[in-house]
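Inspection log for the structure reproduced underneath, given as structure tokens.
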Amino acid sequence: MAHNAHFSYVFNAGYTFPTLVSLSSLLRQSRGACDVLLLTDRALPAFHMALDHLKQRHPEAQITLIENPDLPGTDHPWAHKVPIQNFWQLYLYDILPCKSLVIDGDTLVVDDAAQAYDTPLGDHAIAAAPDCHYQRLYHSGRYFRRFYPFWQSKRRRIAAHLHENKRDIPMRNYCNTGIVLIDMPKLRSTEKALRLCDLESCLNTKIDKNWSHNDQDWFNFLFAGQIATLPMRWNLQHLLISERKTRKRYLPRRMRVEYREAFVRPGILHFAGGQKPWRPQDEETPLSPFQHQAHMHWRKEAAQLSEETGLDILRLCNDPFAT
């Protein structure tokens, strides 16, 4: 029996309305029925109103909103050390009843994401796409090692950076967890599921190893070598790698091909990095033509949602408590 594609989002107040734009694009691109699970601590009234509109616009979608006020916040003992809300995804994994494509709120879906949901997992319970930035660093370091002694200083700087930020994490297949396909029932048949959702263990390990990322480093640490490949088009982190960098010789040929195909036919645009499409553009770091086009696509979706709901979505993205 075939099941509907299942998607999940986790968001806090700051990402309430960017997540709404991503959800709107997901539903607009969907060609069939789907299920969506939303997890947050408290949804704002304007979000409830907009969500009701999306439910009416897409009656074929089963959307479930879970508001859990017990999600850790500023009162958590670790809150002064780390952005504790960035670890809420671990709570989502704990309650997921099925296989799901988990999507960050800083995304725009531009093709039917059911195709990503159908990515074969093989013997694995998880699929994710390579992290563009760190994969580029890893492969460039290996490439420069071949040209002794000309590039040794550069190679040593890369190695030192990776050791400082990713200690004890195998980097060969380091993944970006902004979009993750995870089969939790399958994962629960192993001993890894309980550890994945153990926030205290995650935080202790992060502090001990001085990791620069949050749940992403924990995820790669736990499942190194056990993650199936999600095609890059379903997590195109276009702000982390430009089109010209996809042609660099230090990247394996298969990766160069996949990068080019992702730019030609993206599925989910992931606005990873500092420049978000709802914020004023950083004039000191100009966007490439593709990046500019991606931002315009996001703003078009936000404008269309504003017209449909009567809300100023762009303003709410920057100030979720605006009235």
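Every number in this text was worked out from the coordinates using simple rules, so none of it is lab data. Because the structure is a prediction, the values reported are computed rather than measured. Because the Cβ atoms are built from the backbone with ideal geometry, glycine has one as well, and the counts that use them run over all protein chains shown.
Suppose the chain between Arg157 and Ile207 were pulled fully straight at 0.36 nm per residue; how much longer would it get relative to their current alpha carbon spacing?
Gain on stretching Arg157 to Ile207: 15.7 nm.
Under 18 Å from a point placed 7 Å out from the Cα of Tyr143 along the Cα-to-Cβ direction: which residues of segment 170-188 have their backbone N that close?
Answer for segment 170-188: 171-174.
Return the label of the correct value of Cα extents along the principal axes in Å, as calculated from the structure shown, out of (1) 57, 56, 42; (2) 63, 46, 45; (3) 59, 39, 38.
(2)
Under 29 Å between alpha carbons, and skipping anything fewer than 8 positions from Lys55 in its own chain: which lysines qualify?
Candidates past the 8-residue exclusion: Lys99, Lys276, Lys300.
In nm, give the distance between the simple-model label positions of Ile95 and Lys55, each being 7 Å from the Cα along the Cα-to-Cβ direction.
1.6 nm
Subtracting the Cα-Cα distance from 0.36 nm times the residue separation, let me have the gained length for Lys186 to His48 in nm, one decimal.
46.4 nm
What's the longest piece of the chain with no exposed GluC sites (Glu not before Pro), counting a site as exposed if DSSP puts it in a loop and it has at most 12 other beta carbons within 10 Å?
Longest run free of exposed loop sites: 61-190.
Straight-line reach from Lys209: which lysines fall under 17 Å, measuring Cα to Cα and dropping same-chain residues less than 8 apart?
Lys81, Lys166
Quick check: from the Cα gyration tensor, does segment 112-164 come out rounded (a/c under 1.5), prolate or oblate?
In terms of gyration-tensor shape, prolate.
For the chain, what does -39500 (n - 2.57) per DSSP helix run (n ≥ 4), summed and divided by total residues, give at 222 nm, in deg cm²/dmol to the nearest 500?
So the helix-based figure for the chain works out to -12000 deg cm²/dmol.
Between Gln62 and Ala33, 0.36 nm times their residue separation minus their Cα-Cα distance comes to what?
Between Gln62 and Ala33, full extension yields an extra 9.7 nm.
Which angle from 0 to 90°, rounded to the nearest 10, does the C-alpha axis of helix 45-57 make with the longest principal axis of the chain?
Tilt relative to the chain: about 80 degrees.
Loop-only trypsin sites (Lys or Arg not before Pro) in segment 90-158, please: DSSP not H, G, I, E or B, and at most 16 other Cβ atoms within 10 Å.
Qualifying residues, ordered by number: Arg145, Arg146.
Under a Cβ-only charge scheme (Lys and Arg +1, Asp and Glu -1), can you give me the dipole magnitude of segment 26-100 about the Cα centre, in debye to the nearest 20?
Using Cβ point charges on Lys, Arg, Asp and Glu, segment 26-100 gives about 360 debye.
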